[in-house]
Amino acid sequence: MAFELIILGCGSATPTSTQHPTAQHLQIAERFFLIDCGEGTQQQLRKYKLRMSKVNRIFISHMHGDHYFGLIGLISSYHLLNRKTALHIYGPPELEQVIKVQLESSGTRLVYPLIFHATQTNSKELIFEDKMVEVFSFPLKHSVPVTGFLFREKEKERNMLGDKIEEFSIPHYDIKKIKQGADFTTQDGLVVPNKELTKDPLPPVSYAFCTDTAFMEKTATFISGVDVLYHESTFLQEDIARARKTKHSTAMQAAKVAAAANVKRLLLGHYSVRYEDNLLFEQEAKRTFTNATATHEGMRILATPKNITIKEV
Ligand SMILES: [Zn+2]
């Protein structure tokens, strides 16, 4: 599975009996990430039978409690479960202090390494990469410093055409270079261009997470062309004044960002409890951007370079 996003929570502010605050579980190129960690996230991971121990990196957008109050509980459970592997947390610098105070005041000395990476809100920044994936943070606009996150598979190697190996007697040690784009020279000095030996790999899949933010035209430039965009829609357009005051977005504004960034699919969430039906957000967004979906807990979004499908866990 190249890309699977599971919505663990999509409410805002206070948890209710039916709605958890923001948290998402992302699997991309065999990596397992948590994005925001509202209260109750670990129960949600268990409910949807996701392997907690596989999560090695957690990305926290900002210091409002509905985005990280589940974090200390999860850190603590990992300790009690005798986790061995390192846990990396990416978030605002203040978060490191909060975690420290909570661990120190309870006399907890973690049995696993916890590595904190502070984010900043001045510019887009590469905050993690390995050979398969890269993750960027980028600034959003809210009542406290906040970043969005962009997850992107790296360009894959070209696919070697099997019959060409035999046809040109290509030695094993040349195949890696050819997959990376090199031409091949035969023993007779004939140069075989790379495009005759390989075919294009599948394009990489990408995901942008735009949590609490006022509407910003600039956001689209950070996330241009992503396959899937989550953009908060706390309010409907009828409450635009309230959205401006609290530095949140409306469904229509989320749709404007999706259209400007030319994404394939827009996901909505972080709904204010004042509205009874979350489908109202979808209806409003669809007037500006057709491929809009109001998320709910347990929604599973699968993406390949060719299509995006929505299922339930
Ligand atoms: Zn917030």
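The values are calculated or read from the model by the stated rules, or taken from the named source; none is laboratory data. Since we're looking at a predicted model, the values are computed, not measured. A quick note on method: Cβ atoms are made from the backbone with ideal geometry, for glycine too, and the neighbour counts reach across all protein chains shown. Surface accessibility is based on the protein's heavy atoms, side chains included, excluding ligands, DNA and RNA. Shrake-Rupley method; radii C 1.70, N 1.55, O 1.52, S 1.80 Å.
Take residues that are out of contact with any Asp or Glu (no Cβ under 6 Å at 6 or more places or on another chain) and under 16 Å from Leu140 (Cβ atoms) and tell me which of the helices (runs of 4 or more DSSP H) falling wholly in the stretch 228-313 contain 2 or more. In the stretch 228-313, the matching helices (runs of 4 or more DSSP H) lie at 240-246, 251-261.
Of the residues making up the stretch 156-187, those that are within 30 Å of Leu26 (Cβ to Cβ), of a type in the set (D, E, K, R) and surrounded by 12 or more Cβ atoms within 10 Å (Cβ to Cβ) number 4.
Those residues that are of a type outside the set (A, V, I, L, M) and either open to solvent by less than 30 Å² (accessible area, probe 1.4 Å) or outside any loop (DSSP other than H, G, I, E, B) (or both), I need them from the stretch 1-29; list them, please. Talk me through it step by step, then tell me what you get.
Of the residues in the stretch 1-29, the ones of a type outside the set (A, V, I, L, M) are 3-4, 9-12, 14-22, 24-25, 27.
Passing the criteria: Phe3, Glu4, Gly9, Cys10, Gly11, Ser12, Pro21, Thr22, Gln24, His25, Gln27.
Phe32 fulfils the conditions (1) of a type outside the set (Val, Ile, Thr); (2) assigned to a strand (DSSP E or B); (3) within 17 Å of Ile99 (Cα to Cα); (4) open to solvent by 30 Å² or more (accessible area, probe 1.4 Å) except for a single criterion, (3).
For Asp212, the conditions (1) within 16 Å of the ligand (Cβ to nearest atom); (2) in a loop (DSSP other than H, G, I, E, B); (3) open to solvent by 20 Å² or more (accessible area, probe 1.4 Å) all hold with the exception of (3).
Cβ separations smaller than 8 Å between residues 6+ apart or across chains give the following pairs from the stretch 21-32 residues that are of a type in the set (Asp, Glu) to residues that are part of a loop (DSSP other than H, G, I, E, B): Glu30/Met132.
When the stretch 48-73 is filtered for residues that are away from the ligand (no atom under 16 Å from the Cβ), within 23 Å of Thr14 (Cβ to Cβ) and free of Cβ contacts under 8 Å to residues at least 40 places away in the same chain, the ones remaining, listed by number, are Ile58, Ile72, Gly73.
So, in the stretch 192-209, of the ones that are crowded, with 19+ Cβ neighbours inside 10 Å and in a loop (DSSP other than H, G, I, E, B), which residue ends up farthest from the ligand (Cβ to nearest atom)? Working first, answer last.
Here is the first cut: in the stretch 192-209, the residues crowded, with 19+ Cβ neighbours inside 10 Å are 197-198, 204-209.
From what is left, the residues that are in a loop (DSSP other than H, G, I, E, B) are 204-205.
Details: Pro204: 30, Val205: 27 Å.
Taking the candidates together, the pick is Pro204.
Name the pairs: first residue in the stretch 105-119 and under 12 Å from His79 (Cβ atoms), second residue among the small types (Gly, Ala, Ser) and in a loop (DSSP other than H, G, I, E, B), Cβ to Cβ under 7 Å, at least 6 apart or on different chains? Taking only residues 6 or more apart or on different chains, the pairs are Tyr112/Ala86; Pro113/Ala86.
Taking Ala220, is it surrounded by 17 or more Cβ atoms within 10 Å (Cβ to Cβ) and of a type in the set (A, V, I, L, M, F, W, C)?
Details: surrounded by 17 or more Cβ atoms within 10 Å (Cβ to Cβ): yes; of a type in the set (A, V, I, L, M, F, W, C): yes.
Here the answer is yes, as Ala220 does meet what is asked.
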